[in-house]
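Novice: Shown below is the structure under consideration.
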Amino acid sequence: MANFLDDNTDLNFYLGPGVDWDTLAWVTELGYRHPEGFRDAEQAKTFYREVVSAVGAFAAEEIAPWAAEIDRQGVRFQNGEASFPPRLEAIFAKMAELDLFGLTLPRELGGTNAPLLLYFVNGELLARADVSVMAHHGFHGGIAMAMLVLSLLEGSTEIDPSTGQVTRTRWPQEIADIASGRAWGSMDITEPDAGSDMAALRTVGTQDAEGRWRVKGQKIFITSGHGKYHFVIARTANGDSTPVGENAGLKNLSMFLVRAYEDLPDGSRKRLASLDRIEEKLGHHGSATAALTFDDTPADLVGKPGDGFKLMLELMNHARLGVGFEAIGLCESALRMARAYAAERRSMGKTIDRHEMIADYLEQMEIDIVGLRALAMHAAFHEEVGHKLELFGTTLPPRPPAHSNGNGHRNGHNRHAAGAAETARRHRAEARRALPLLKYLSAEKAVEMARLCLQIHGGNGYMREYGAEKLLRDALVLPIYEGTSQIQALMATKDTLGAIIKKPQAFLKRLAQARWQSMTARDPRERRVAHLTYLGMAAQQHVVRHLLSAKLKSVRAKPITAWRREILGRWNPREDFSYALLHAERLTRLAADVEISRILLGQSRRHPERGPLLDRYLARAEPRARYLYDEIKHTGGPLLGRLLQTGAAESARG
Ligand SMILES: Cc1cc2nc3c(=O)[nH]c(=O)nc-3n(C[C@H](O)[C@H](O)[C@H](O)COP(=O)(O)OP(=O)(O)OC[C@H]3O[C@@H](n4cnc5c(N)ncnc54)[C@H](O)[C@@H]3O)c2cc1C
């Protein structure tokens, strides 16, 4: 029987020693206190493996064979509702039967309390079969989990410290509805005039004299937007008025949970928000992408008015991880399809996989996937452990030392509670650095690999029959949704350069260390990774120098004593950052290669058999880094000059 886990050595590494499952199980099981929970890490790990193996078989046997049919039939818009073909309905029913929608929810809320990482790994396996089915899985169980997380963050969920069980939460019925597969959920941000620019959102939330909230506005491109439960971002009042328009800002954005319809006793539904259409799109045909209108639809405010952007960022981290694993699944599919075809197809006396250029493409795809998966596992592990320590750290019992009988000490508990916050902060800092890199690189690589797969198929690749063109159509959305590639690059660059400007001494120290290590480290792999790190930091240093020298020019006329205040205090991200924004994508590519090499170096120290993978990754990353470094140093000046001139002319015209 085919199984997408069994045939994947690299993925198997992460289900074994490649991930610290003991720590993940510890924070997920809240120290093994739950009466129906696992007794120890071994029991938990056995269960985790069984789940992934079942999903690997399900994806290979019951989804992949129907991917072309799902693509052809897609979701239809009939009588104001979405209509799914029977094949998809059967797949969704099987997902519910396998408990996939409630996988990560606590047992007392109808779930099986698995780590989020398991859910993401399942996402990769499902995406290898068909990305639109994976999207269904992601926006379904994912929204139930979001309900719990948001309720924890706003303080409306309580946990019994003796058992680690949830005793109260704000939306138990809604969570149960989604976890059982009866209802669907979605995240509604995008509007006709506002996508990347959330400051331009126009949907409004208002409160009546009795304190009830209602939402009014139009949302488009909403994945699973045909469903019942919608997390809607809307603008709320600031004083007497609710500012809307291009520069209304992010401060007044609030988050609401809105029910788009009510289920009536006779089995029909009464719509509270109208479903305007199911979008006709290039790919992802098994996933419903909807446009809908809220017309004073009753809503639950989540958190406080104005918390919307902050809460959305929390959910966005998980969404970016989801896309990362989704992209890897698609890459895996592209590689395997291309490899199988190239091994059969003959040209000029041999199979095409023995022609140098094709062999090079295949080798590049293979090592890129190794790098992406390392980055994804790293980001997901740190995000999950950091997040769970932040949410539950103070209620977690101390972790017993390895091989002990499990009885902690009170002293240990106090130390542990004090250290949990700091440990959580370190984990989240790792995740924060890796997440935009993962979303950016995995999405871009998915498009690149789908295109290579099509190219390797030649004319057959352009025909529907072989499935390569479907992969490319499906891949093209990955750099667009959940924050475009350009927005990921902006976020990563602003974070990194902002930190350098705040603490230049610490940066210079790390830069000197990287240079020193690149020359003196005993291990040649360590030297190579240090050199790559040095190149990445040198590129960042060049950009920061450029930003500061431009700013210095603008304050030269002022007294030197005012420079510090002028430069740091009057920093205008729109104008003063333009050189960095111009190179943001190049800096991000470089940073992603550095991050992946650093992770693979760590793996090769703990698992020497992974060393050759690092060598292969470095062989491609090193020349890439030199090229990017040169591009950052030597291009873009004239273009920036022209843009500044245009901007100045526009301001002069008023
Ligand atoms: C299949 C599909 C499913 C989707 N699902 C959802 C969903 O579930 N929920 C939801 O809310 N939305 C969803 N979206 C919408 C998606 O998130 C947006 O399309 C995306 O955020 C981009 O917004 P936009 O389309 O308005 O493009 P714009 O924001 O207009 O961007 C156009 C181009 O300009 C670039 N750009 C914009 N600003 C900058 C800048 N400052 N610097 C450099 N470049 C910039 C962008 O990167 C892009 O290349 C979905 C979209 C698709 C196609």
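Novice: Given the criterion more than 30 Å from ARG473 (Cβ to Cβ) and either open to solvent by 30 Å² or more (accessible area, probe 1.4 Å) or not basic (Lys, Arg) (or both), identify the matching residue among ALA60, ALA44, ALA68. Before you say what the answer is, go through the steps one by one.
Specialist: Values: ALA60 fails: more than 30 Å from ARG473 (Cβ to Cβ); ALA68 fails: more than 30 Å from ARG473 (Cβ to Cβ).
After applying the criteria, what remains is ALA44.
Novice: Taking the options ARG556, ARG586, ARG545, ARG564, name whichever one is under 18 Å from PRO436 (Cα atoms), open to solvent by 50 Å² or more (accessible area, probe 1.4 Å), out of contact with any Phe, Trp or Tyr (no Cβ under 7 Å at 6 or more places or on another chain) and without any contact (Cβ under 8 Å) to a residue 60 or more places away in the chain. Talk me through it step by step, then tell me what you get.
Specialist: On the way: ARG556 fails: under 18 Å from PRO436 (Cα atoms); ARG545 fails: under 18 Å from PRO436 (Cα atoms); ARG564 fails: under 18 Å from PRO436 (Cα atoms).
Step by step, each of ARG556, ARG586, ARG545, ARG564 is checked, and only ARG586 is under 18 Å from PRO436 (Cα atoms), open to solvent by 50 Å² or more (accessible area, probe 1.4 Å), out of contact with any Phe, Trp or Tyr (no Cβ under 7 Å at 6 or more places or on another chain) and without any contact (Cβ under 8 Å) to a residue 60 or more places away in the chain.
Novice: Moving on. Quick check on my filter: what residues within region 158-183 are at pLDDT below 95, part of a loop (DSSP other than H, G, I, E, B) and open to solvent by less than 40 Å² (accessible area, probe 1.4 Å)?
Specialist: Passing the criteria: THR163, GLY164, GLY181, ALA183.
Novice: Hey, another quick one. Open to solvent by less than 60 Å² (accessible area, probe 1.4 Å), within 16 Å of the ligand (Cβ to nearest atom) and more than 29 Å from ILE596 (Cα to Cα): is that true of ASP576 in this structure?
Specialist: Numbers: open to solvent by less than 60 Å² (accessible area, probe 1.4 Å): yes; within 16 Å of the ligand (Cβ to nearest atom): yes; more than 29 Å from ILE596 (Cα to Cα): yes.
Criteria met by ASP576.
Novice: Another question, then. Residues to consider are ASP208, ASP193; find the one that is at negative phi, open to solvent by 40 Å² or more (accessible area, probe 1.4 Å), of a type in the set (D, E, K, R) and within 16 Å of the ligand (Cβ to nearest atom).
Specialist: ASP193
Novice: Could you pull out every one of the helices (runs of 4 or more DSSP H) wholly within region 418-519 that has 1 or more residues that are of a type in the set (Phe, Trp, Tyr) and more than 17 Å from the chain's Cα centre (by Cα)?
Specialist: Of the helices (runs of 4 or more DSSP H) lying wholly inside region 418-519, those with at least 1 residues that are of a type in the set (Phe, Trp, Tyr) and more than 17 Å from the chain's Cα centre (by Cα) span 458-462.
Residue-wise test of (1) at pLDDT below 95; (2) assigned to a helix (DSSP H, G or I); (3) under 18 Å from ARG545 (Cα atoms).
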position	(1), (2), (3)
TRP571	yes, no, yes
LEU587	no, yes, yes
ALA592	no, yes, no
ILE596	no, yes, no
ILE599	no, yes, no
SER604	no, yes, no
GLU609	no, yes, no
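Novice: In the list ALA248, ALA338, ALA327, ALA334, which residue meets the criterion of being under 30 Å from ARG464 (Cα atoms), outside any strand (DSSP E or B), aliphatic (A, V, I, L, M) and over 24 Å from the mean Cα position of the chain (by Cα)? Steps first, please.
Specialist: On the way: ALA248 fails: under 30 Å from ARG464 (Cα atoms); ALA327 fails: over 24 Å from the mean Cα position of the chain (by Cα); ALA334 fails: over 24 Å from the mean Cα position of the chain (by Cα).
Sole residue among the options that is under 30 Å from ARG464 (Cα atoms), outside any strand (DSSP E or B), aliphatic (A, V, I, L, M) and over 24 Å from the mean Cα position of the chain (by Cα): ALA338.
Novice: Let me ask something else about it. Restricting attention to region 285-304, report how many residues are of a type in the set (Ser, Thr, Tyr), surrounded by fewer than 23 Cβ atoms within 10 Å (Cβ to Cβ) and within 13 Å of the ligand (Cβ to nearest atom).
Specialist: Matching residues across region 285-304 total 0.
Novice: Restricting to region 196-205, and then to whatever is within 12 Å of the ligand (Cβ to nearest atom) and outside any loop (DSSP other than H, G, I, E, B), can you tell me which residue is farthest from LEU292 (Cα to Cα)? Outline the logic, then answer.
Specialist: At the first step, the residues of region 196-205 found to be within 12 Å of the ligand (Cβ to nearest atom) are 196-201, 203.
Pick out the ones that are also outside any loop (DSSP other than H, G, I, E, B) and you get 198-200.
On the way: MET198: 18, ALA199: 20, ALA200: 18 Å.
Result: ALA199.
Novice: Within the set of pairs 6+ apart or on separate chains, which have a first residue in region 373-392 that is closer than 14 Å to LEU11 by Cα, a second that is open to solvent by 10 Å² or more (accessible area, probe 1.4 Å) and small (Gly, Ala, Ser), and C-beta atoms under 8 Å apart?
Specialist: The qualifying pairs are MET377/GLY18.
Novice: Taking into account only those residues within region 268-284 that are over 30 Å from LEU471 (Cα atoms) and open to solvent by less than 70 Å² (accessible area, probe 1.4 Å), which is farthest from the ligand (Cβ to nearest atom)? Can you show your working first?
Specialist: Keep residues of region 268-284 that are over 30 Å from LEU471 (Cα atoms), which gives 268-274.
With open to solvent by less than 70 Å² (accessible area, probe 1.4 Å) added as a condition, the list becomes 268, 271-274.
Working: SER268: 26, ARG271: 19, LEU272: 19, ALA273: 14, SER274: 17 Å.
My answer is SER268.
For (1) loosely packed, with under 15 Cβ neighbours inside 10 Å; (2) of a type in the set (Phe, Trp, Tyr), each residue gets a yes or a no:
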residue: GLY459; (1), (2): yes, no
residue: TYR466; (1), (2): no, yes
residue: LEU476; (1), (2): no, no
residue: GLY483; (1), (2): no, no
residue: LYS494; (1), (2): no, no
residue: PRO504; (1), (2): yes, no
residue: PHE507; (1), (2): no, yes
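Novice: Select from region 219-236 the residues that are open to solvent by 10 Å² or more (accessible area, probe 1.4 Å) and within 12 Å of the ligand (Cβ to nearest atom) and list them in ascending order.
Specialist: ILE220, PHE221, THR223, HIS226
Novice: Out of VAL51, VAL27, report the one residue that is under 30 Å from ALA421 (Cβ atoms) and either among the basic types (Lys, Arg) or buried (at least 17 other Cβ atoms within 10 Å of the Cβ) (or both). Before the answer, list the steps.
Specialist: On the way: VAL51 fails: under 30 Å from ALA421 (Cβ atoms).
Just one listed residue meets the conditions, VAL27.
The values are calculated or read from the model by the stated rules, or taken from the named source; none is laboratory data. Small disclaimer: the values here were computed from a predicted structure and weren't measured. With ideal geometry, Cβ positions are generated from the backbone for all residues, glycine too; neighbour counts draw on all protein chains shown. Note: accessible area is taken over every heavy atom of the protein model, side chains too, but ligands, DNA and RNA are not part of it. Shrake-Rupley method; radii C 1.70, N 1.55, O 1.52, S 1.80 Å.
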